[in-house]
Amino acid sequence: MSSKKNISMPETFGLPTVGVETHAHLDFPEFAEDLDQVVARAQAAGVVWFGNVFLSPSAYRLHHRRLAAIPGMFFTLGIHPHEAATLTTEMLADMAALFQDDPGLRAFGEIGLDFYWDRSPRDAQVRAFQDQLALARDLDLPVVVHSREAEPETLAILRNMGFAGRPLLWHCFGQGRDLAEAVLTNGWHISIPGPVTFPKSSALRQAVPHIPLSRMVLETDCPFLTPHPFRGKRNEPAYLCYTAQAVAELRNQSIHEVWSACGATARAFFQLAT
C-alpha cells in the first residue's frame, strides 16, 4: 500500500469482540508511555483478551499489578532461552510459588531453545528448557515454546519428556508444512505471527492452509514482528487483524471465520472465560 490513506485501519475491519492476542510483551519499555491507548485501539479492533508474556519473576513483580487491572489480561511466565544461563533452583521455586498464587498465570513460557542468536550456551539452554518443562509438568500447566534454528532438538526434548498429548503451543511458528505436521501429530497447537503477511515467508504461508483452525491461534509478539502494512514500526495488539486477514486469504475463508475460530481455540487452550 502506497500511503496511509490507502491502509485499512484495524478498527474498520468490523471484527467481533472475540479476538485473543495470545503473545504480547506489553510490559516492555516500548509501551511505557501509551499502554492505555494501545489497549483501547486493540479493543476497538475486536481484541478482548490479551496474553502478556513475562520473561522473569522480577518482570512479573514489577508490572503485573498494572497489567492485571486491564480487562481481559492474562499472563504466561518463563525464562527465555536468551537468559537460560541465569536460571537457578531458587528461581524455579519462585516461579512455582507465583503460579500457585496467581490464577491469572495461565501457562509456562515462553521457554525453549534459540540456536539462531545463541545468547546463552546451548547446554545451558537445554538444561533450562528441561528444568522448566519438568516444573510445568509437575504443576500441570500448558507450555508456550520458543524454538529458533533448533526445531529437531526441541522436538526431541519434548518427546523424550513425555509432552506428546500435553497442552503445548508452538509460539511464533515460522516454518513449513513438515514441522507443522510434526507439531500437530503430537497434539500441540500452533501460533501464527505477523510475518505470515510477508510474501517471502513462503514456507509459513504454504503451511497455513493445512493447520486446522481448531489448533491455530494468532499472536503479534509485539513490539516485534510487525505485519504488513506497518512493517518496520512498533507492533501492537490491534495489528492482529492483519495476521488474521492473511490467514483468511491463504485459506480462502472469511476473516470473520478465522478471527472467531482462532479466538475460540485460544480461549480453550488458555482456559479463558467465554
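The values are calculated or read from the model by the stated rules, or taken from the named source; none is laboratory data. The shown structure was predicted, so the numbers you read here are calculated from the model rather than taken from an experiment. When we count neighbours, we look across all protein chains shown, and the Cβ atoms used for this are built from the backbone with ideal geometry, even at glycine. When the accessible area is computed, the model is the full protein with side chains, heavy atoms only, and any ligands, DNA or RNA have been set aside. Shrake-Rupley method; radii C 1.70, N 1.55, O 1.52, S 1.80 Å.
Remarks
- Estimated D of the stretch 162-274 in µm² per second, where Rh is the Kirkwood radius over Cα pairs and Stokes-Einstein applies at 25 °C, 0.890 mPa s: 175
- Only Lys, Arg, Asp and Glu carry charge here, each on its Cβ (+1 for the first two, -1 for the last two); on that basis the chain has a dipole of about 720 debye about its Cα centre.
- Heavy-atom SASA rank of SER202, SER147 (probe 1.4 Å, accessible area, largest first): SER202, SER147
- Surface share of carbon and sulfur [accessible, 1.4 angstrom probe, percent] for the stretch 103-220: 48
- Accessible area of ASP34 in the full protein assembly, 1.4 Å probe (Å², nearest 10): 40
- Distance histogram in 10 Å bins (all Cα pairs of the stretch 232-274, percent per bin): 27, 44, 28, 1
- Loop-located chymotrypsin sites (Phe, Trp or Tyr not before Pro) in the stretch 110-151 whose Cβ has at most 13 other Cβ within 10 Å (DSSP): TYR116, TRP117
- Quarter of Cα convex hull surface for the chain, i.e. mean projection, nm²: 13.4
- Cα gyration tensor category, rounded, prolate or oblate, for the stretch 72-120 with a/c compared to 1.5: oblate
- If you sort the three axes of the alpha carbon gyration tensor as a ≥ b ≥ c, you get a/c of 1.5 or more for the stretch 38-124 and a/b no higher than b/c, which makes it oblate.
- Sites ASP36 and ALA182, calculated FRET efficiency, Cβ-Cβ separation with R0 35 Å, nearest 0.05: 0.30
- Available extension along the chain between LEU213 and ALA164 is 15.7 nm, counting 0.36 nm per residue and deducting the alpha carbon span.
- Two-decimal log10 I(q)/I(0) for the stretch 1-155, as the Debye equation yields it once each C-alpha is a single scatterer, q = 0.09, 0.16, 0.21 Å⁻¹: -0.35, -0.92, -1.26
- Residues ILE7 and TYR116, FRET efficiency given R0 of 35 Å [Cβ-Cβ distance, rounded to 0.05]: 0.65
- Sum of -39500 (n - 2.57) over DSSP H runs of 4+, divided by residues of the chain (222 nm, nearest 500): -12000 deg cm²/dmol
- The residues of the chain present an accessible area of 43 Å² per residue when probed at 1.4 Å with all protein chains retained.
- Placing R0 at 45 angstrom, the Cβ-Cβ distance between PHE198 and ALA264 gives a FRET efficiency of 0.95 after rounding to 0.05.
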